[in-house]
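Notes for the one structure printed next.
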Amino acid sequence: MSVAPLNGPRLLQITDTHLYADPDAVHAGVVPERRFRAVLAALSPWLADAQAILHSGDLVHDGTLAAYQRLHSALGALERPGRVIPGNHDDREALGSVFASGPISAARTLVVGDWTLIGLDSLQPGRVTGALADDELVALDAALAAMTTPWCLIAVHHPPVPVGTPWLDALGLEQPEPLLQRIDADPRIRAVLSGHVHTASSARRHGCRMLTTPATAAQFLAGAERFTTDPGAPGFRWLDLRADGGIDTSVVRVPMD
Ligand SMILES: [Fe+2]
């Protein structure tokens, strides 16, 4: 796919890299490191027009510092500011230590043109499902109150609405109502960006886009009743954040040999 014409500050989203300390490790029938590197290579022509990067969780699969450090180095080499949020496979402490500060970090917010990206932590240690603790909701309210831009994106690893894949929908965000109430009440929130489901999906909730993005690692079969991988290609998402609050976005798939 050729690079789309730019229509506002461009954000590039990758998700679910599932890296291991051992770069040759296999997960769900693929080598996550190899796929991640292929997606990075495909991302390269999009970088010239990109202002920011988002990684929406499951940075690593084994919780090791070595894997986080390798990812941090690779994302840093993109030379764009970015934010990372934890997924269910992440180790909050290890992720927080490696991404504590700097251009690519786990900081709460990032301003991209007329937009503020707000990251939320839905990790529940030892569980596949996600949840937003009370202090995350308090932090969200504080970030919304402090916003200096007209528009906002929320990043949360676990999708707060079903994506149409029953086994994954049973493993999404527990008790999403407080988040959804805030989305419904605040027209500045224009999109929720998630990972977790290893497949692309797009829905709307009133004026808010609800988007998931393919993993750079293994793909899951959309619509499956139970765990089923999909031989499809990994990918990433680009989003052009328009001044009028609209978003132009699409997923780019990266065919593997
Ligand atoms: Fe994942």
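We did not get these values from a lab; they are worked out from the coordinates using the rules stated. No experiment lies behind these values; they were computed from the predicted model shown. All Cβ positions, glycine included, derive from the backbone under ideal geometry; neighbour counts span all protein chains shown.
Across the options Pro159, Val111, Pro176, the greatest Cα extent toward the positive end of the charge dipole of segment 10-241 (unit charges at beta carbon of Lys, Arg, Asp, Glu) belongs to Val111.
In a fully extended conformation the segment linking Ala133 and Gln181 would gain 15.8 nm over its present Cα-Cα distance, using 0.36 nm per residue. Report, in whole Å, the centroid distance computed from the Cα atoms of segment 19-88 and segment 194-257. Between the Cα centre of segment 19-88 and that of segment 194-257, the gap is 16 Å. The stretch between Ala142 and Gln69 holds 23.3 nm of extra length on full extension. This uses 0.36 nm per residue minus the Cα-Cα distance.
Extension gain, Ala28 to Arg204, is 60.3 nm, computed as 0.36 nm per intervening residue step minus the present C-alpha separation.
The alpha carbon radius of gyration of the chain, expressed as a multiple of 2.2 N^0.38 Å, is 0.91.
The phi-based Karplus calculation (6.51 cos²θ - 1.76 cosθ + 1.60; θ = phi - 60°) puts the 3J(HN,Hα) values of segment 91-108 at 9, 4, 5, 5, 4, x, 6, 7, 10, 5, 7, x, x, 9, 8, 9, 4, 5 Hz, whole numbers, x for Gly and Pro.
When the helices of the chain are scored as -39500 (n - 2.57) per DSSP H run of n ≥ 4 and the total is divided over every residue, the value at 222 nm lands at -7000 deg cm²/dmol. Dipole size of segment 1-41 about its Cα centre, with +1 on Lys/Arg Cβ and -1 on Asp/Glu Cβ: approximately 220 debye, rounded to the nearest 20. The protection proxy used here, the mean number of other Cβ atoms lying within 10 Å of each residue, ranks peptides 8-21, 196-209 as follows, highest first: 8-21, 196-209. Using only the C-alpha atoms, the convex hull of segment 80-189 corresponds to 115 Å³ per residue. Charging the Cβ of each Asp and Glu at -1 and of each Lys and Arg at +1, and nothing else, the dipole of the chain about its Cα centre rounds to 580 debye.
Using θ = phi - 60° in the Karplus curve 6.51 cos²θ - 1.76 cosθ + 1.60, the 3J(HN,Hα) couplings for segment 34-41 round to 5, 5, 4, 5, 5, 5, 4, 5 Hz; x is entered for Gly and Pro. Within the listed set Leu179, Leu193, Leu153, the Gaussian network model of the chain (springs between alpha-carbon atoms below 10 Å) gives the highest mean-square fluctuation for Leu179.
For a test of the definition: using alpha carbon positions, the gyration tensor, and the 1.5 limit on a/c, classify segment 2-97 as rounded, prolate or oblate. Verdict is prolate for segment 2-97. Projecting label points 7 angstrom from Cα along Cα→Cβ for Glu174 and Ser97 puts them 2.7 nm apart. Here segment 208-257 is assigned +1 on the Cβ of each Lys and Arg and -1 on the Cβ of each Asp and Glu. Its dipole about the Cα centre then comes out at about 100 debye. Evaluating kT/(6 pi eta Rh) at 37 °C and 0.692 mPa s, with the Kirkwood radius of segment 126-257 over Cα pairs in the Stokes-Einstein relation, gives 209 µm² s⁻¹.
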